[in-house]
Amino acid sequence: MKRILVSLLMMFVTFAAHAYIDRDTAVMQVMNKAAGKAQTITASVGVPVNFEKLNIIVRSCKQSDPFDAENFYAFVEIVKNGGERFYSNWMDRNNPGKNPVQNPDYDIWLLRCE
């Protein structure tokens, strides 16, 4: 019985270490490369946000477990006003180069989820 309880406790600790907290809002930094201006935008999950020539939709925003090192992740879709989707992927605040936005006009990165 003791062995079973220890096994269950270890499984719980293992699964709890990978828990995420869903958040309702993503805070992102957008830089217009041509103008050399950066602006902070706030996007609610599921609500399109227009920024200059872009339509940004955050599908999910998650915070890492508060007992781990703080990190934020957001699944983001970015469409140019002409209808061309050029980004649909996860953004990682602590590792922005992992899935970078590939666009000649804009740089976009995740700051946090709220």
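Worth pointing out:
- Region 46-114 - accessible surface per residue (Å², probe 1.4 Å): 55
- Length released on extending from ASN95 to GLN39, taking residue separation times 0.36 nm less the Cα-Cα span: 18.2 nm
- Sorting the segments 51-63, 82-94 by their mean number of nearby beta carbons within 10 angstrom, highest to lowest, gives 51-63, 82-94.
- Extension gain, ARG85 to ASP107, is 6.4 nm, computed as 0.36 nm per intervening residue step minus the present C-alpha separation.
- Working from Cα pairs under 8 Å separated by at least six residues, relative contact order for region 57-114 is 29 percent.
- The portion of the accessible surface of region 25-76 made up by carbon and sulfur, rounded to a whole percent, is 51 (1.4 Å probe; DNA, RNA and ligands excluded).
The values are calculated or read from the model by the stated rules, or taken from the named source; none is laboratory data. All figures in this text were calculated on a predicted structure; none of them were measured in a lab. Glycine also receives a Cβ, built like all others from the backbone with ideal geometry; neighbour counts cover every protein chain displayed. Remember, those area values only see protein heavy atoms, side chains included, never the ligands or the DNA or RNA. Shrake-Rupley method; radii C 1.70, N 1.55, O 1.52, S 1.80 Å.
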